[in-house]
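Notes follow the structure.
The values are calculated or read from the model by the stated rules, or taken from the named source; none is laboratory data. Given the structure is predicted, the values throughout are model-derived calculations rather than measurements. Note that each Cβ is placed from the backbone with ideal geometry, even for glycine, and that neighbours are counted across all protein chains shown.
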Amino acid sequence: MTREQIIVEVAPCGIDCSRCIALLDGETRKHAIALQETFGDSFGRFAERFAGFVPVFAKYGEFREFIDFLAGVDCIGCRKSEKVRCGINTCYRSKGVDFCFECDEFPCDPEGIDDDLRQRWLAAGKRMREIGLEAWYEEMKKRPRYE
């Protein structure tokens, strides 16, 4: 994987945009659309009937609501979006770097990120700095996206 390809897939903070559930062109959205097509618009009435035999079908409405949400996501990624409210998204641009770890001020105290994101951002940046972007990317791709 080249640096340019990694930049397309990974946000400046080190979060893997390519496997995010909110990505417009992501796998999750594609699978959700496939599920919508598989179940169609009228499966709900079958689920109601099946619920008498298999209780989990009583939850089909909630499942469908979740699938519809995932099929409707529209994020184009932090690097392309002007809507992202994360302080990292504006900071990396002003510093002229591709990733936070490349900045002389890393680690800093970015605005607009919660404690969970801060911990992931810090760990990713330190690891990228330690082993290099390409090696970090290979490690990252082997882990579940939401760990």
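Values for this structure:
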{"quantity": "Unique residue being outside the structural domain of F43 (by TED's automatic domain parsing) and at pLDDT 95 or above when the list is D98, D68", "calculated": "D98"}
{"quantity": "Tally of residues being surrounded by fewer than 13 Cβ atoms within 10 Å (Cβ to Cβ), within 20 Å of the chain's Cα centre (by Cα) and closer than 18 Å to E4 by Cα across segment 94-113", "calculated": "0"}
{"quantity": "Selection count, segment 92-116, where residues are aromatic (F, W, Y) and assigned to a loop (DSSP other than H, G, I, E, B)", "calculated": "2"}
